[in-house]
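Notes follow the structure.
The values are calculated or read from the model by the stated rules, or taken from the named source; none is laboratory data. Keep in mind the model is a prediction, meaning the values are calculated, not measured. Cβ coordinates were reconstructed from backbone atoms using ideal geometry, including for glycine residues, and neighbour counts include every protein chain displayed.
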Amino acid sequence: MRYFAGTDLHSNNNYIGIIDKDGKKIFQKKLDNNLPLILSALKPLKKQLKGIVVESTFNWYWLVDGLMEAGYKVHFANPCAIQQYTGLKFSDDKSDAYWLAEMLRLKILPEGYIYPKKDRGIRDQLRKRLLLVIHRTAIMLSLKGMINNVTGERLTRTGLKKLDADEIANIFPDADYEFSGLCLNEAVGALTEQIERIEKNVLQKIRLRKAYKNLTSVMGIGKILGLTIMLETGEINRFNAVGDYSSYCRAVPSKRVSNEKKKGKGNTKNGNRYLAWAFTEAAHYMQRFCPKARKWFQKKSSKRGGMVATKALSNKIARACYFIMRDQVVCNPNKLFN
C-alpha cells in the first residue's frame, strides 16, 4: 500500500495528514516542533510512505534536513502557487495537510527548491551582511539628516564615512547634538566592522565556481555581488527559460492587463528578494561606470523616469547573467545594449 503525507508547518507546531493511494485519510496528528517526536509518529508507516510534503514560509531547515537524513522522500511545497477550491466554507491546518498530501498523490504539487545544506550557511551569512548594510545605511541617513538640519551642510556618503569624533565635535556646537552624532557615528563604525568580518569569512571559505566565474565580467558585479548571485541562484538548470529566471529575480512587472487596461497586480513578493537587490545594485554601478549602460539608462530615464530605468537595467543584467551562467560565456556589452 502506498501512502502520501502532508505537513503544515508553523512556528511552534505542525499538523501531519496521511492518505492512501485512493485518497482515503488514514492518519492525522498535531505535533510540537520536535524532530524525534515527528520521526516516532511516522516510523510505523515509513516503508509505505512514497513522499512527505512540507509547507512552510520561514522555519523549514530543521524539519526538511531531519526527514531527508532519516531516509524520507521530501517535497517542499511552493505556498505562492498552491490553490485550494475557492468555494470552501471552512479550512484549517488539518484540511491544509490533507490537501498537500492529495496534490502529491495526484502529481499536481507545485514544488519549491530545497537549497543544498552544505552551502546554506554561507548563503545566509551574505543575507545577514545585507541586513547589516541596510541598518548602517539607515543610521548614516539619520546622521546626514541631523547635520543638514542643524548646520545646513550636506555631506556626501564618502564624507560621512570619514567623520571622526573631533570632526563631529566641530560640526555640532550644541553638546546634546554632539552626543547624538557621536553615538550614531560609533554605530556606523561597529556595523562596518561586522560587515567586513562577514566579507572576509565568506571570501576565505568559498570561491566562484566554474559555471559562475564569468559573472564578474559584467560591469558592476564584483566578488561579493557575484557570490550573492551564485549562492542565491543555486543550480541554474532549475530554470527552464530566461523569463523564469528574471521573474524569480523580481525583475519583471507583476501586473495584470486586459485590453490594454490594468486589471490588478500579481504577487510582487513572489521571487528572491536578495537577487532583486543584487541586480539592482549591479544596475546602479553599471550605469555609473559603463558608457554604453549610462547612455541607455539616460535615454530610458528621460522617457519613463529613474526608478523604471533602474529596474529595466537590472532586468537586462539578470537576463544576461542567466546566459552567462548557463552557457559559461563572458559578458558582451554590445549584445546587452544592441
Hey, among the residues in region 191-248 that are touching a helix residue (DSSP H, G or I) at 6+ places or on another chain (Cβ under 6 Å) and aromatic (Phe, Trp, Tyr), which one's farthest from Ile139 (Cα to Cα)?
Phe239
Only one of Lys223, Lys161 is among the basic types (Lys, Arg), assigned by TED's automatic domain parsing to the domain that holds Tyr274 and closer than 18 Å to Tyr285 by Cβ; which?
Lys223
Return the residue satisfying two criteria in turn: it lies in region 289-314 and is touching a residue at least 60 places away in the same chain (Cβ under 8 Å) and either assigned to a helix (DSSP H, G or I) or acidic (Asp, Glu) (or both), and of such residues it is surrounded by the fewest Cβ atoms within 10 Å (Cβ to Cβ).
Phe289
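Among the listed residues Leu155, Leu143, Leu131, identify the single one that is touching a residue at least 12 places away in the same chain (Cβ under 8 Å) and either under 24 Å from the mean Cα position of the chain (by Cα) or surrounded by 12 or more Cβ atoms within 10 Å (Cβ to Cβ) (or both). Please lay out each step first, then the result.
On the way: Leu155 fails: touching a residue at least 12 places away in the same chain (Cβ under 8 Å); Leu131 fails: touching a residue at least 12 places away in the same chain (Cβ under 8 Å).
So the residue among Leu155, Leu143, Leu131 that is touching a residue at least 12 places away in the same chain (Cβ under 8 Å) and either under 24 Å from the mean Cα position of the chain (by Cα) or surrounded by 12 or more Cβ atoms within 10 Å (Cβ to Cβ) (or both) is Leu143.
To keep it simple, each residue is scored yes or no on (1) more than 15 Å from Ile317 (Cβ to Cβ); (2) surrounded by fewer than 15 Cβ atoms within 10 Å (Cβ to Cβ).
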site	(1), (2)
Cys183	yes, yes
Val188	yes, no
Leu215	no, no
Leu227	yes, no
Leu231	yes, no
Arg238	yes, yes
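Across region 315-338, what is the total count of residues that are in a helix (DSSP H, G or I) and either surrounded by fewer than 18 Cβ atoms within 10 Å (Cβ to Cβ) or over 22 Å from the mean Cα position of the chain (by Cα) (or both)? Talk me through it step by step, then tell me what you get.
Kept after step one, since they are in a helix (DSSP H, G or I), are these residues of region 315-338: 315-327, 333-336.
Then drop every residue that is not either surrounded by fewer than 18 Cβ atoms within 10 Å (Cβ to Cβ) or over 22 Å from the mean Cα position of the chain (by Cα) (or both), which leaves 323, 326-327, 333-336.
Final tally of qualifying residues: 7.
Does Val252 qualify as being surrounded by 15 or more Cβ atoms within 10 Å (Cβ to Cβ), among the hydrophobic types (A, V, I, L, M, F, W, C) and either touching a Gly at 6+ places or on another chain (Cβ under 8 Å) or at pLDDT below 95 (or both)? Steps first, please.
Details: surrounded by 15 or more Cβ atoms within 10 Å (Cβ to Cβ): yes; among the hydrophobic types (A, V, I, L, M, F, W, C): yes; either touching a Gly at 6+ places or on another chain (Cβ under 8 Å) or at pLDDT below 95 (or both): yes.
The answer is yes for Val252.
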